[in-house]
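A short reminder: the numbers here are calculations on the coordinates, not readings from a lab. Owing to the predicted nature of the structure, the values given are computational and were not obtained by experimental measurement. Reconstructed Cβ throughout: ideal geometry from the backbone, glycine too, with neighbour counts over all protein chains shown.
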Amino acid sequence: MRKTRDKQATQTRWGVHLALILICFVMCLPALYALQSATLSAQQSAFTPPQLFPPGASLLDNISVLFGKLNFGQLIVNTTVVSLVIVIGKTTLAMLAGLAFVYFRFVGKTVLFFAILLTLLMPTEIILLPLFNMMSQVGWGQTYPQLALTIPFLATATGAFLFRQHFNNIPRELAEAAQIDGATPLRFMISVLIPMSLNVVAAHALIQFISSWNQYLWAVLIISNENAQVIQVGVRKAASLSTQIGSQTNYGVLMAAGIIASLPPLILFILLQKQFMSGFAITKDK
């Protein structure tokens, strides 16, 4: 009977693993199709039957078009700078907000916190027109495009809530001990809170990096200088490229642009996935 149970357990495990492999394969199909389509030449259609080794594969040619005609290298540099500035600014302000809401006492603290949370109900599209008018008045869209892409998005209600909840779970005795030792609130945050919050910092930074990397609508509205644009606008321009045959879309270039644009966030997520999962572990407020 024991051998029978072991055999049944082994068969169950194999069945579960095969089902998981099949599910993973199905989930990877869009990425595999995009990779295969990125090898299409200008004369081939996206509806060409998929082949493992398509004849006349032109992946390198498509990539050379992106970095030659669309200046993808400059777009990647621009987007990286914008994303890093937003990540550093948002994370710093979010930690300061969490420090204030947990360790400071002031009138209206609860009301202010819930007012910040209410901003999560407002989609970004609502504030685009006021932001556009403001940036136009100060002239940042023309003169300082990097400031126009970063300054309006340095504050984050999500980050304030995340760090407030995390700091709430750190023993208050540490703050009292630091106060007795004469540490200022900033010194307490730098020396105690940040070392104890590296997973949360990494998780928040990853979310904000992906969000800022995928920024498209605001960049299209506010930036008129092509050399200051971001990568997602470059992907949209890749979609407008036409082949020499009429107005047929060059799907190989388009898919190659999408793959290149998705690589930095994907690599960063792979590197920080452990910290990302640990940073959002469920904890209870004290």
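Screening the chain for whole DSSP H helices of 20 Å or more along their axis (Cα) with average Kyte-Doolittle hydropathy at least 1.6 returns 72-103. Close Lys pairs in the chain (alpha-carbon distance under 28 Å; sequence gap of 8 or more, or different chains): 9. Principal axis analysis of the Cα atoms in the chain yields extents of 81, 73, 31 Å, listed in decreasing size.
What is the Rg over Rh value, at two decimals, for the range 158-222, using alpha-carbon atoms and the Kirkwood definition of Rh?
Details: Rg = 16.2 Å, Rh = 13.9 Å.
Dividing the radius of gyration by the Kirkwood radius yields 1.17.
Relative protection proxy for 59-71, 104-116, from highest mean packing down: 59-71, 104-116 (other beta-carbon atoms within 10 angstrom).
Mean residue ellipticity, 222 nm, helices only, the chain: the sum of -39500 (n - 2.57) across DSSP H runs of n ≥ 4, divided by residue count and rounded to 500, is -22500 deg cm²/dmol.
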